[in-house]
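Report on one structure; see the data block that follows.
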Amino acid sequence: MNSLLEPGMLVRNPAEPEWGLGQVQSNINGKITVNFENMGKMTLESANIALTLQFDP
């Protein structure tokens, strides 16, 4: 699933719901950079996390 994420998509991290809504900034070579509303910009290893798409903010 993470390999399909593109810049601009809205996501959540179900393991860390307090991070809030995030917007994908980049997805390159298994590293996803997401700007979360409560955590700021985070770079995550795609293999270690399962982000979920958020269709309606």
Residue selected from region 1-15 under the condition in a loop (DSSP other than H, G, I, E, B) and exposed (fewer than 14 other Cβ atoms within 10 Å of the Cβ), by the criterion modelled with the lowest pLDDT: MET1
Any hit, region 22-38, residues being of a type in the set (Phe, Trp, Tyr) and either free of Cβ contacts under 8 Å to residues at least 40 places away in the same chain or assigned to a helix (DSSP H, G or I) (or both): yes
Subset of region 30-57 [in contact with a helix residue (DSSP H, G or I) (Cβ under 9 Å, 6 or more places away or on another chain) and closer than 11 Å to ASN2 by Cα]: GLY30, LYS31, ILE32, LEU44, SER46, ALA47, ILE49, ALA50, LEU51, LEU53
Residue satisfying condition, being acidic (Asp, Glu) and surrounded by 11 or more Cβ atoms within 10 Å (Cβ to Cβ), within set GLU45, GLU37: GLU37
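The values are calculated or read from the model by the stated rules, or taken from the named source; none is laboratory data. None of the values given here were measured: they were computed from a predicted structure. Ideal geometry is used to build each Cβ from the backbone, glycine not excepted, and the neighbour counts take in all protein chains shown.
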